[in-house]
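This report refers to the structure that appears directly beneath it.
The values are calculated or read from the model by the stated rules, or taken from the named source; none is laboratory data. It should be emphasised that the depicted structure is a prediction, and the values quoted were computed from it without experimental measurement. With ideal geometry, Cβ positions are generated from the backbone for all residues, glycine too; neighbour counts draw on all protein chains shown. Surface areas here come from the heavy atoms of the whole protein model, side chains and all, with no ligands, DNA or RNA. Shrake-Rupley method; radii C 1.70, N 1.55, O 1.52, S 1.80 Å.
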Amino acid sequence: MFYELLSRVYERSPLSLPKRLVNEILRDLKGCCRVLDVGCATGYLTRKLAAVCDCAVGVDINRKMVEISKSRNRLPNVKFVRADAHNLPFPDACFDGIVLSEILQHLDVIKALKEVDRVAARGCRMTVVLPDPTSRAARVATRLIHVLTGNNAWVSPDTVVGIMRDMSWKLVRFQSAGKRVLITMEKRGSKNAGRSGSGSQR
């Protein structure tokens, strides 16, 4: 009952991604063949991704959220799977696009990013959305998450960039987007290595 109620309000609540930010994610991943949405919740973003790629796969560890995602999907190129982000049920190098939207603060960051790196093909584009550390509203919200769930609830965007650079990813975009930060990175050694990004590079 709780997750059914949550699913009804989530996509219309301040917790959901604003349309402008969704469009930025879609622009950065346009042209990818197979995209993985880690922590897909109700599957809203996964379904949006289907418009810019050949196949979109959403994963979430919560069984009820996966059921809700499947019930709302009518698209033939979208699939939802119940899975742990720390142990993804996919072979190595099988995705050329990955999204982690406001999920890393609920995970073991290093373990999750290593698993993302494992399933990412060379040239894979990855977009990460995190709370903006300069936003007071974001800091209050992440403290509340920590109190309610016990999750770490705070991940530095610079830390994510540093971890991925150590695994041979390059920064394409680092952009403040209201209460959030959008990071796009690309795994080196790609046939698409020449693709240009937008936003600032640091």
Got a sec to turn the phi values of segment 101-108 into Karplus ³J(HN,Hα) couplings, 6.51 cos²θ - 1.76 cosθ + 1.60 with θ = phi - 60°, whole Hz, x for Gly and Pro?
9, 6, 10, 4, 5, 9, 10, 6
Give me the percent of the accessible area of segment 32-100 that comes from carbon and sulfur atoms, probe 1.4 Å, all protein chains in place.
51 percent
5 angstrom amide H check on Val181, placed H, neighbours 5+ away:
Leu130, Asp132
Sorted by chain and then number, the residues having a modelled amide H within less than 5 Å of the amide H of Ala93, at least 5 places away or on another chain, are Val119, Ala120
Once phi is turned into θ = phi - 60°, what whole-Hz ³J(HN,Hα) does the Karplus curve with 6.51, -1.76 and 1.60 give for every residue of segment 28-45, x standing for Gly and Pro?
5, 9, 4, x, 5, 8, 10, 10, 10, 9, 8, x, 6, 6, 7, x, 4, 5
Each label sits 7 Å from Cα toward the beta-carbon; between Asn23 and Arg82 the label points are separated, in nm, by 3.7 nm
The answer for Asn73, listing residues at least 5 apart or on another chain whose modeled amide H is closer than 5 Å to its amide H, is none
Please list, or write none, the lysines whose alpha carbon is within less than 23 Å of the alpha carbon of Lys170, excluding same-chain residues fewer than 8 places away.
Lys30, Lys111, Lys114, Lys187, Lys191
Residue by residue through segment 83-96, which ³J(HN,Hα) values in whole Hz follow from phi under the Karplus form 6.51 cos²θ - 1.76 cosθ + 1.60 (θ = phi - 60°), with glycine and proline marked x?
7, 8, 4, 7, 8, 6, x, 10, x, 4, 6, 10, 10, 10
Rounded to the nearest whole Å², what accessible area per residue is found for segment 34-103 with the 1.4 Å probe?
42 Å²
